[in-house]
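Enquirer: The structure's right below; bear with me while I get my questions together.
The values are calculated or read from the model by the stated rules, or taken from the named source; none is laboratory data. Because the structure is predicted, anything quoted here is derived from the model rather than measured. Here Cβ is always computed from backbone atoms with ideal geometry, including for glycine, and neighbour counts include all displayed protein chains.
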Amino acid sequence: MGRVRVRSAVAGVIACTAVLAASALTGCTSGPSVSPSTPSFSAEAAIVQGRTDYTRGVFSIEVTNTAPAPVTIVDASFSSPRFADAAVRDGDPVTLSPGQRIALRAPIPALACDHAAADGTGDIGTVELTVTDGASGATPTALTLVPTDPNNTVDRLLREGCLVEDVDAVVRIEPPTALRVEGTGSSAQAFIDLTFTPTGADGSADFDGIRSTTLMSPADGADSWPLGFTVDAASEPRPVTLPMRPTRCDPHALADDKVGTVLVIDSATSTGREGRYLLPLPPAVKAQVYSYISEVCGD
């Protein structure tokens, strides 16, 4: 079972019941001892992931101070049977006023894809905080919370992450090193060139299509680029070209972009998993997509 150790500020949405623990946190390699004397601390917590965190490999633990006095969070962790390893991020203590909420961001740990919890059933886990009243020399206290997961973030991370592992075991999906553009001005046509190369491992992966995004759509006006092929160890490398046009040309299209250059590939594998395979375009290609849309839209 993995444990995420977090200390820095983040964003999310949470609600849970706080349970005070008088014993020291287990699994910690270092840190202050926990006092058996428990002040009146209380908090709520939840697990979420914002759109801007999808491609960064992080999620958020959100903590709200429900006590009548300030509380300083010295350390925080999230443990779940959905995770196989610990994800750790260190940071400075943070102090919350009564009613104040803060989000703590942590890297997504390795997933327990072969664990009994891989089907998404059972408890999602617990949040453990090490807190003080902020006074100089105050002895930390352990606080255990059962978080809510309002958007089913943990199960989605498990489902999509395990699908990615299964697909990557069978095929290497290579994004382009550059956006291919033909023509200039408003009539310029862009092409996204991908390559699906089998790894030689057992199993297979089916690819149904690639969805349009908030920035990129098929040049023929369809909602997605159809694929409809299977890759296994006997397959030849398969090049795929996506003729692309801007989805929108309003001024906010680029300014508000979060995931417009992330390709969403509808996939299924011989292991029985299916869903979204997210393929972010490389930073250089992302910048070229922005330039192309600006040129075509006349900005």
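Here is a yes/no grid of residues against (1) aromatic (Phe, Trp, Tyr); (2) in contact with a Lys or Arg (Cβ under 7 Å, 6 or more places away or on another chain); (3) outside any helix (DSSP H, G or I); (4) modelled with pLDDT under 95:
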| position | (1), (2), (3), (4) |
| --- | --- |
| VAL154 | no, yes, no, yes |
| GLY161 | no, no, no, yes |
| VAL164 | no, no, no, yes |
| VAL167 | no, no, no, no |
| ILE210 | no, no, yes, no |
| PHE229 | yes, yes, yes, no |
| ALA234 | no, no, yes, no |
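Enquirer: Hey, among the residues in segment 265-295 that are in a loop (DSSP other than H, G, I, E, B) and hydroxyl-bearing (Ser, Thr, Tyr), which one's surrounded by the most Cβ atoms within 10 Å (Cβ to Cβ)? Explain how you work it out, then say what you get.
Expert: Step one: list which residues in segment 265-295 are in a loop (DSSP other than H, G, I, E, B), which gives 270-273, 281-282.
Filter again for hydroxyl-bearing (Ser, Thr, Tyr), leaving 270-271.
On the way: SER270: 14, THR271: 17.
Per the stated criteria, the residue is THR271.
Enquirer: Okay, next question. For segment 166-181, enumerate the residues that are under 20 Å from the mean Cα position of the chain (by Cα) and under 13 Å from VAL289 (Cβ atoms).
Expert: PRO175
Enquirer: Go through (1) out of contact with any Cys (no Cβ under 6 Å at 6 or more places or on another chain); (2) buried (at least 16 other Cβ atoms within 10 Å of the Cβ) and name the single condition GLY221 misses.
Expert: That leaves (2) as the condition not met.
Enquirer: Which one of these does VAL264 not meet: (1) at pLDDT 95 or above; (2) out of contact with any strand residue (DSSP E or B) (no Cβ under 9 Å at 6 or more places or on another chain); (3) not basic (Lys, Arg)?
Expert: Failing condition for VAL264: (2).
Enquirer: If you take just the strands (runs of 3 or more DSSP E) that sit entirely in segment 48-109, which of them hold at least 2 residues that are out of contact with any helix residue (DSSP H, G or I) (no Cβ under 8 Å at 6 or more places or on another chain) and polar (S, T, N, Q)?
Expert: On the way: elements: 58-65, 71-80, 94-96, 101-107.
Counting at least 2 such residues, we get 58-65, 71-80.
Enquirer: Also, quick follow-up: Determine whether VAL181 is within 23 Å of THR52 (Cα to Cα) and surrounded by 14 or more Cβ atoms within 10 Å (Cβ to Cβ). Don't jump to the end; show me each part of the working.
Expert: Values: within 23 Å of THR52 (Cα to Cα): no; surrounded by 14 or more Cβ atoms within 10 Å (Cβ to Cβ): yes.
Criteria not met by VAL181.
Enquirer: Among the candidates SER224, SER294, SER235, single out the residue that is under 20 Å from ARG172 (Cα atoms) and either over 22 Å from the mean Cα position of the chain (by Cα) or among the acidic types (Asp, Glu) (or both).
Expert: Only one candidate passes the filter, namely SER235.
Enquirer: Now for a separate question. Would you check which residues across segment 139-158 are more than 23 Å from PRO109 (Cα to Cα) and either free of Cβ contacts under 8 Å to residues at least 24 places away in the same chain or outside the structural domain of SER97 (by TED's automatic domain parsing) (or both) and list them?
Expert: Those that are more than 23 Å from PRO109 (Cα to Cα) and either free of Cβ contacts under 8 Å to residues at least 24 places away in the same chain or outside the structural domain of SER97 (by TED's automatic domain parsing) (or both): none in segment 139-158.
Residue by residue, here is whether (1) touching a Phe, Trp or Tyr at 6+ places or on another chain (Cβ under 8 Å); (2) without any contact (Cβ under 8 Å) to a residue 40 or more places away in the chain holds:
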residue: ILE210; (1), (2): yes, no
residue: MET216; (1), (2): no, no
residue: ASP223; (1), (2): no, yes
residue: ARG276; (1), (2): no, no
residue: ALA284; (1), (2): no, no
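Enquirer: OK, next. Just checking, does segment 190-206 include any residue being surrounded by fewer than 14 Cβ atoms within 10 Å (Cβ to Cβ) and of a type in the set (A, V, I, L, M)?
Expert: Yes, segment 190-206 has at least one match.
Enquirer: Would you be able to say whether some residue in segment 250-270 is over 26 Å from the mean Cα position of the chain (by Cα) and in contact (Cβ under 8 Å) with a residue 12 or more places away in the chain?
Expert: Restricting attention to segment 250-270, the residues satisfying the condition of being over 26 Å from the mean Cα position of the chain (by Cα) are 250-251.
Subsequent filtering for residues that are in contact (Cβ under 8 Å) with a residue 12 or more places away in the chain retains 251.
Among the residues of segment 250-270, at least one is over 26 Å from the mean Cα position of the chain (by Cα) and in contact (Cβ under 8 Å) with a residue 12 or more places away in the chain, which makes the answer yes.
Enquirer: Of everything in segment 212-221, what is assigned to a loop (DSSP other than H, G, I, E, B) and either over 28 Å from the mean Cα position of the chain (by Cα) or not hydroxyl-bearing (Ser, Thr, Tyr) (or both)? Give them in sequence order. Give the steps one after another, and end with the answer.
Expert: Taking segment 212-221 as the starting set, the residues that turn out to be assigned to a loop (DSSP other than H, G, I, E, B) are 212-215, 219-221.
Answer for segment 212-221, where residues must be assigned to a loop (DSSP other than H, G, I, E, B) and either over 28 Å from the mean Cα position of the chain (by Cα) or not hydroxyl-bearing (Ser, Thr, Tyr) (or both): LEU215, ALA219, ASP220, GLY221.
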